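Worksheet: the structure to be examined is printed underneath.
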Amino acid sequence: MLVRKVLLRGASASRLLISNKSPPASLIPLASGCTRFFSSSTQSEGPNDGFVAGQEGGDEQPAATITVDRSGLYHPPELSHEPTMESELTKHLKGIIKFRGGPISVAEYMEEVLTNPKFGFYINRDVFGSEGDFITSPEVSQMFGEMIGVWVMCLWEQMGQPKKVNLVELGPGRGTLMADLLRGTAKFKSFTDSMHIHMVECSPVLQKLQHQNLKCEKVCNADENGEKNSVTSITGSPVTWYSSLEQVPSGSPTIILAHEFYDALPIHQFQRSSRGWSEKMVDVGEDSKLRFVLSPQPTPATLYLMKRCKWATEKEVESLKQIEICPKAIDLTHSIAQRISSDGGGALIIDYGLNGVVSDSLQAIRKHKFVSILDDPGSADLSAYVDFPSLKHTAEEASDNVAVHGPLTQSQLLGLLGINFRVEALLENCTDEQADSLRTGYWRLVGEGEAPFWEGPDELAPVGMGTRYLAMAIVNKKQGAPVPFQ
Ligand code: SAH
């Protein structure tokens, strides 16, 4: 009942029709391969160069005979012909490799590139939208955040409408999803009054942007010695920021949202070699450039690889020459499941990924174009497919009190939550330009491939993210299966 009201609410309350701060989706340049999602079905389309040359048996994969070459580390060329424009982050990475006395894992490289507290890709700027490096669903259309709002409200009802709920968002970007969720549900006072919002964000710049987009004000908190807290003027709910989930207070029923958060978590890459599985590492070559090498010894991440292989069938693993694993995703899912087990509630994870082992998906995107993973680190986004079965197994092993549902495709999730009704309600009261933007946004959220209705230039044709993105829910069993995973 509540849900129907959210979907059919007049268009006047919408972000698009009031403020239109982000450019209409139809105006965002979108060449194929210029968003964070692909338009073709192969896993690895981004350039993957920088690997130390060497082939085994005509195989296209870099060969197993590669060994770690440290000569460049101890005897750097006296006169380098490298441009002196090397970024601070590149110097920092080379410094780590030098002082470590050997290469670092792809995961360590990825973590430094994305979240190094001084130079990380996410740390100092707004990377989203047409002016940034890539675009995400909440930025495509207000309807995305509104539909997630429907999901949260349904779960809150299933939880028995508790008076206090911790609503946690992991990696909120610009804060657009949360702002649209709150605008969409603002009329339901008992719901919004119960929400305590917790934003988990490592970037100070993005924290500030989220503060602005949630229209936060500082108010005095009478309970805590007059300390000032942030409150969003969209619903009056308190909002607090943290840099990790561990810092978010527990003890109250919790709903956790993670949209395009897991794909930014650092992955390890393993490659089949004559020695078995060898970890791919990042080293500095004799030419002083970063390059990939294979570890000659087993690495600590091998333990996670063994765990991952146990969750897969032999046939699935046999067919692969590379495997990606994400220990941080496994650890995070473990904490999410334990929190939901003890506090009640649930989590919704939406990301691009696979319902199977991920082989070779790491990609770098700068200004809406694929670039080499090792090229000018920190200036491009790095992301990898999310391995959904490993999240499912982790959650199920973490606690008997939680159940895992899905994954569904994004198209199924949004369709079942009622996005068709919402788009129709919005189309009833808008200008022609806004209608175009709504249709384009709708297609990009739920469609597959290029939009059939598109009449503009080919390079701007909206490409659907509906099947490339998957949604999985982890919920406390006492609430039953969440909408729309029943
Ligand atoms: N959910 C947003 C943004 C996705 S990009 C959207 O869909 O538009 C990833 C987000 O996670 C960014 O806000 C980034 O700063 C944040 N992030 C990445 N790694 C993080 C980490 N280890 N801890 C906290 N936040 C992180």
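Assess whether Asp180 counts as being within 12 Å of the ligand (Cβ to nearest atom), in contact (Cβ under 8 Å) with a residue 60 or more places away in the chain and farther than 23 Å from Leu413 by Cβ.
Judged against the criteria, Asp180 is not a match.
Within segment 104-123, does at least one residue satisfy the condition of being of a type in the set (D, E, K, R), buried (at least 17 other Cβ atoms within 10 Å of the Cβ), touching a residue at least 60 places away in the same chain (Cβ under 8 Å) and touching a helix residue (DSSP H, G or I) at 6+ places or on another chain (Cβ under 7 Å)?
Checked segment 104-123: at least one residue is of a type in the set (D, E, K, R), buried (at least 17 other Cβ atoms within 10 Å of the Cβ), touching a residue at least 60 places away in the same chain (Cβ under 8 Å) and touching a helix residue (DSSP H, G or I) at 6+ places or on another chain (Cβ under 7 Å).
Of the residues in segment 99-128, how many are within 14 Å of the ligand (Cβ to nearest atom), under 13 Å from Glu88 (Cα atoms) and in a loop (DSSP other than H, G, I, E, B)?
Summing the residues that are within 14 Å of the ligand (Cβ to nearest atom), under 13 Å from Glu88 (Cα atoms) and in a loop (DSSP other than H, G, I, E, B) in segment 99-128 gives 5.
Having 2 or more residues that are at pLDDT 95 or above and closer than 30 Å to Asn116 by Cα is the bar; report the strands (runs of 3 or more DSSP E) wholly within segment 132-244 that clear it.
In segment 132-244, 165-170, 195-200, 228-232, 238-242 are the strands (runs of 3 or more DSSP E) which contain 2 or more residues that are at pLDDT 95 or above and closer than 30 Å to Asn116 by Cα.
Out of the residues in segment 129-177 that are within 20 Å of Phe191 (Cβ to Cβ) and of a type in the set (Asp, Glu), state the one that is nearest to the ligand (Cβ to nearest atom).
Glu169
With under 23 Å from Glu201 (Cα atoms), polar (S, T, N, Q) and away from the ligand (no atom under 16 Å from the Cβ) as the only criterion, which of Gln363, Gln338, Gln297 stands out?
Gln338
Do we have any residue at all in segment 264-287 that's within 30 Å of Glu157 (Cβ to Cβ), part of a helix (DSSP H, G or I) and of a type outside the set (Val, Ile, Thr)?
No, that holds for no residue.
Is segment 318-325 home to any residue that is touching a residue at least 60 places away in the same chain (Cβ under 8 Å), assigned to a loop (DSSP other than H, G, I, E, B), away from the ligand (no atom under 16 Å from the Cβ) and under 23 Å from Val483 (Cα atoms)?
no
Spot the failing condition for Thr240; the list is (1) away from the ligand (no atom under 16 Å from the Cβ); (2) surrounded by fewer than 21 Cβ atoms within 10 Å (Cβ to Cβ), and only one is missed.
(1)
Limited to segment 337-362, what total is found for residues that are closer than 28 Å to Arg125 by Cα, touching an Asp or Glu at 6+ places or on another chain (Cβ under 7 Å) and part of a strand (DSSP E or B)?
Residues meeting the conditions: 3.
Quick one: Ile340 ticks every box in (1) buried (at least 18 other Cβ atoms within 10 Å of the Cβ); (2) in contact with a Leu (Cβ under 9 Å, 6 or more places away or on another chain); (3) farther than 30 Å from Met85 by Cβ except a single one, so which number is it?
(2)
The values are calculated or read from the model by the stated rules, or taken from the named source; none is laboratory data. Because the structure is predicted, anything quoted here is derived from the model rather than measured. Because the Cβ atoms are built from the backbone with ideal geometry, glycine has one as well, and the counts that use them run over all protein chains shown.
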